[in-house]
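Some notes on the structure that comes next.
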Amino acid sequence: MADKPLTMAEKVWREHVVVPGEEKGGQRTPDLLYIDLHLVHEVTSPQAFEGLRLADRPVRRPDLTIATEDHNTPTLEIDKPIADPISRKQVDTLRANAEEFGIRLHSLGDDDQGIVHVVGPQLGLTQPGMTVVCGDSHTSTHGAFGALAMGIGTSEVEHVLATQTLSLKPFKTMAITVEGTLKPGVSSKDIILAVIAKIGTGGGQGYVLEYRGSAIEQLSMDARMTICNMSIEAGARAGMIAPDETTFDYIKGRPHAPQGADWDAAVENWRALRTDAGAEFDAEVVIDADALEPFVTWGTNPGQGVSLSDTVPAPEDFDDPVDRESAERALKYMDLAPGTPMRDIRVDTVFLGSCTNSRMEDLRAAAGIIRGREKDPQVRMIVVPGSQRVRLQAEAEGLDQVFKEFGAEWRFAGCSMCLGMNPDQLQPGERCASTSNRNFEGRQGKGGRTHLVSPVVAAATAVRGTLSAPSDVLSTEPQPA
Amino acid sequence: MEPIIRHTGVGVPLRASNVDTDQIIPAVYLKRITRTGFEDALFSSWRKDPEFVLNQPAYAQGTVLVAGPDFGTGSSREHAVWALKDYGFRVVVASRFADIFRGNSGKQGLVTAQVAQPDVELIWKELEKEPGAEVQVDLEARTVRCGSVEASFEIDDYTRWRLMEGLDDISLTLTRAEDIEQFEATRPEWKPKTLPARI
Ligand code: SF4
């Protein structure tokens, strides 16, 4: 019998089954899967380590585990003790646990510290065909390499630390095909915001998404990570993109990339991961890249978005009563009137950062818009590189100067205003154009209002003070510096 | 996780239905970084009331909680089970449990004995008539006994087996340690390792 054609996700899954599930009472018990890489940070790990201590268990594979400090860390004065006692305690606890269990940790101040999802790929630890987990929902980022990458809870973190495996229920597959070419000023963030607006925040539930098509193939790794990062905002278990030459070029030469003969063996394996011709997906969605415009959210979930050239919708525009009610609530929270052109919305703050958009390409693109221009004097702009390496590289390219001359604040690496666990928070009622991934009520600070945007839209917005497309800014000449 | 086959301890009558996880442990305690020491958090708002059952010396050392129907509804927080266990409870008796709470309990070694409501009422009466009376729980025979009352309880075979063997999720997986080792032996050499660190 010929082998059934498989999707990439199914291939990666199949290669990692340690103990297959069994049929029991008409139901299938979960498969036990091997985990290739476990990323750890300070928020979801303390109780997992304590669980190990209580049961007197070691970490099975410290050599497949790596930790970094990111969620709580300050982005200013990083040489001083962390002011907030809870934040400090979480960070101190991670340091003690890493020491006790022999886990590699990149602490605040270390050149490899940064947001866990920026650090893994940057070190070359994220590779195609791997299973990657982390106690954080945006672990889906690593799927950009053709890895099966999933967020897990604290008790699962403990399970992986102790056994390097995880019991996982089977998933469904969804193909998201994006064909065409993006217009200038339109980026991968706009693709994923459009996908979520199309399928809804629950549309991916139970699925592993595979992004494919000519528009995806043209994207850099940084841009692909932005897309996979937000798979979770569509409710999906993971998102993946097939590895190709772009992927291999990115990995080659990184600290943990395979070398010599290993490299050839690895690439051969990676090439075979692609979804087989004739493999069937449980669902399919098609997006036309040529038609996409810069996208922006108006509401309080990432699915509540429109093109920048649109207006704020009215609750009556939604047929579904649940959508209507949630639009009504969102508009009230966001203090927006239906019919307002998105471009007329004034913001107080622009945040360029988070594991969605804080890599070199994001910083370069934003800097390209603001270079030689002036910031709207009423807008505060904060730039937080995803990792210290990104910060150092940006400084080597002089981007820090571009941001500073523009009037933006240039910070140290971390999650920062993405979730406001550190001092970087919005004030009640403050409105923010943010390159992060969640616009939930209070996410960036109690009472704060978030509009999710791409890095170039964030930059253009900082110039004009209202939500703006890059083209709004590029039509004016930069001032001679 | 300690195996539990038979347990005898002071019974605590909690005459309340729909005890949700917010009542078992309020959200403010979720910021803690520990896995133990949640005994003070258990029913913390109710315990401010001097009349609350756990504030009565006869019941303070209780290990078997006898509650009203729909125990453990609300959020999926595992902390609810930790708080009950940290306080010293080994068994909760009720006529109905929330699914997720029951699942979490089974994994953490807390017995949830589902007893018919008329039997719960009889046990309550016994415990109130004689505060500090003991309840005997037999997982093997699936029975609860208190004074003159004897009731059988329901628990699924799989959870019962795990409790009697003292197997948490991790112990269960570790019974497959050989499979894991065999799998590890087949992993390609070039798969990345975090140690030694290469920078
Ligand atoms: S940047 Fe935001 S989304 Fe990403 S890991 Fe940090 S808190 Fe989570």
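The values are calculated or read from the model by the stated rules, or taken from the named source; none is laboratory data. All values reported here derive from a predicted model rather than from experimental measurement. So basically every Cβ, Gly included, is an ideal-geometry build from the backbone, and we count neighbours across all protein chains shown. Just the protein is used for accessible areas: all its heavy atoms, side chains included, with ligands, DNA and RNA removed. Shrake-Rupley method; radii C 1.70, N 1.55, O 1.52, S 1.80 Å.
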Point-to-point label distance, A:Ser214-A:Arg271, nm (Cα→Cβ direction, 7 Å offset):
2.4
Considering the zone a paramagnetic label at A:Glu441 would reach in this model (a point 7 Å from Cα along the Cα-to-Cβ line), which residues of the stretch A:272-311 have amide N under 17 Å from it?
A:298-304
Using a 1.4 Å probe on protein heavy atoms only, how many Å² of accessible area do A and B hide from each other, summed over both chains and rounded to 100?
3700
Once A:Glu245 and A:Asp3 are pulled to full extension, the length gained, defined as 0.36 nm per residue separation minus their Cα-Cα distance, is 84.5 nm
Once you've got the Cα coordinates, tell me which of A:Lys446/B:Lys31; A:Lys332/A:Lys375; A:Lys198/A:Lys446; A:Lys11/B:Lys193 are over 24 Å apart.
A:Lys332/A:Lys375; A:Lys198/A:Lys446
Can you give the FRET efficiency for A:Gln205 and B:Lys31, using 1/(1 + (r/R0)^6), R0 = 25 Å, r = Cβ-Cβ distance, to the nearest 0.05?
0.30
What 222 nm value per residue comes from the helices of chain A, counting each DSSP H run with n ≥ 4 as -39,500 (n - 2.57) and dividing by all residues, nearest 500 deg cm²/dmol?
-9000 deg cm²/dmol
For peptide A:55-67, what's the mean number of Cβ atoms from other chains within 10 Å of each residue's Cβ?
3
Out of B:Thr159, B:Thr186, B:Thr173, any idea which swings most in a Gaussian network model of chain B, alpha carbons joined below 10 Å?
B:Thr186
Which of the listed residues, A:Leu32, A:Thr68, A:Ala48, is farthest toward the dipole's positive end in the stretch A:24-89, when Lys, Arg count +1 and Asp, Glu count -1 at the beta-carbon?
A:Leu32
Could you tell me the relative contact order of chain A? Use alpha-carbon pairs under 8 Å, at least six residues apart, and round to a whole percent.
16
In the protein assembly as shown, what % of DSSP beta bridges are antiparallel (nearest 5)?
35
Helical contribution to [θ] at 222 nm, DSSP H n ≥ 4, -39,500 (n - 2.57), averaged over chain B, rounded to 500
-8500 deg cm²/dmol
Report the FRET efficiency, 1/(1 + (r/R0)^6), for A:Asp111 and A:Ile86, where r is their Cβ-Cβ distance and R0 is 22 Å, rounded to 0.05.
0.25
Within straight-line cross-link reach of A:Lys4, lysines at Cα separation under 18 Å, skipping those fewer than 8 residues along the same chain:
A:Lys172
Square roots of five times the C-alpha gyration tensor eigenvalues of chain B, ordered largest first and given in whole Å, equal 37, 21, 13
With viscosity set to 1.306 mPa s and temperature to 10 °C, compute the Stokes-Einstein D of the stretch B:110-168, Rh being the Kirkwood radius across alpha carbon pairs; µm²/s, no decimals.
130
One would report the Cα pair-distance distribution of the protein assembly as shown, bin width 20 Å, in %, as 17, 46, 30, 6, 0
In whole angstrom, how far apart do the alpha carbon centroids of the stretch A:314-338 and the stretch B:108-125 sit?
46
From the Cα trace of the stretch A:344-403, what convex hull volume per residue do you get, rounded to a whole Å³?
91
For a label point 7 angstrom out from the Cα of B:Glu39 toward its Cβ, which stretches of the stretch B:49-79 have the backbone nitrogen within less than 19 Å?
B:49, B:52-66, B:79
Per residue of B:167-179, other chain Cβ atoms within 10 Å number on average 5
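Please state, as a whole number in µm²/s, the translational diffusion coefficient that the Stokes-Einstein equation yields for the stretch B:1-57 at 4 °C and 1.567 mPa s, with Rh defined as the Kirkwood radius across alpha carbon pairs.
On the way: Rh = 13.6 Å.
Rounded to a whole number, D works out at 95 µm²/s.
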Summarise the accessible area of the stretch A:384-447 (1.4 Å probe, protein heavy atoms) by the percent that is carbon and sulfur.
49
Packing rank of A:205-214, A:443-452, where each peptide gets the mean count of other beta carbons within 10 Å, highest leading
A:443-452, A:205-214
If you count the DSSP beta bridges with both ends in the stretch A:329-469, what percent of them are antiparallel, to the nearest 5?
5
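Taking every eigenvalue of the Cα gyration tensor of the stretch A:280-437, multiplying by 5 and rooting it, what semi-axes result, largest first, whole Å?
In descending order the semi-axes read 31, 20, 16 Å.
So what is Rg over Rh here for the stretch A:408-480, counting just Cα atoms and using Kirkwood for Rh?
Ratio value, two decimals: 1.02.
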Span per principal axis, largest first, for the Cα atoms of the stretch B:1-115 (Å):
34, 31, 25
Scaled by the rule-of-thumb 2.2 N^0.38 Å, the alpha carbon Rg for the stretch A:1-160 gives a ratio of 1.16
With +1 on the Cβ of every Lys and Arg and -1 on the Cβ of every Asp and Glu, and nothing else charged, how large is the dipole of chain B about its Cα centre, in debye rounded to the nearest 20?
680
Span per principal axis, largest first, for the Cα atoms of the stretch A:241-316 (Å):
61, 34, 24
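How big, in percent, is the set of alpha carbon pairs in the stretch A:359-481 lying more than 21 Å apart?
Percent of Cα pairs beyond 21 Å in the stretch A:359-481: 36.
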Can you figure out the FRET efficiency of B:Arg47 with A:Lys332, using R₀ = 35 Å and their beta-carbon distance, to the nearest 0.05?
0.40
Could you give the nm distance between label points at B:Thr186 and A:Ile78, where each point is 7 Å from its Cα heading toward the beta carbon?
4.2
Alpha-carbon Rg/Rh ratio, for the stretch B:78-123, with Rh computed the Kirkwood way:
0.99
Viscosity 1.306 mPa s, temperature 10 °C: what is the translational diffusion coefficient of the stretch A:122-267 from Stokes-Einstein with a Kirkwood Rh over Cα pairs, rounded to a whole number of µm²/s?
101
Value of Rg to Rh for the stretch A:18-84 (Rh from inverse mean 1/r over Cα pairs, i.e. Kirkwood)
1.17
Using the crude model of +1 on Lys and Arg Cβ and -1 on Asp and Glu Cβ, and no other charge, please compute the dipole size for the stretch A:174-242 relative to its Cα centre, in debye to 20.
80
Rule-of-thumb Rg ratio for the stretch A:386-430 [Cα; 2.2 N^0.38 Å; N residues]:
1.32
Toy charge model, Lys and Arg Cβ at +1, Asp and Glu Cβ at -1: the protein assembly as shown dipole around Cα centroid in debye, rounded to 20, equals 860
Name the residue farthest towards the positive end of the dipole of chain A from the options A:Gln425, A:Ala327, A:Ala175, assuming +1 on Cβ of Lys and Arg, -1 on Cβ of Asp and Glu, about the Cα centre.
A:Gln425
So what are the radius of gyration and Dmax for the Cα set of the stretch A:190-309, in Å?
16.3, 52
Take the alpha carbon gyration tensor of the stretch A:79-120, find the square roots of its eigenvalues, order them as a ≥ b ≥ c, and report rounded if a/c is under 1.5; if not, report prolate when a/b exceeds b/c, else oblate.
oblate
Estimated inter-spin distance, A:Lys198 and B:Asp157, nm [label 7 Å along Cα→Cβ]:
4.8
Can you spot the aspartates and glutamates whose alpha carbon is less than 13 Å from A:Lys89's alpha carbon? Ignore those fewer than 8 places along the same chain.
A:Glu42, A:Glu69
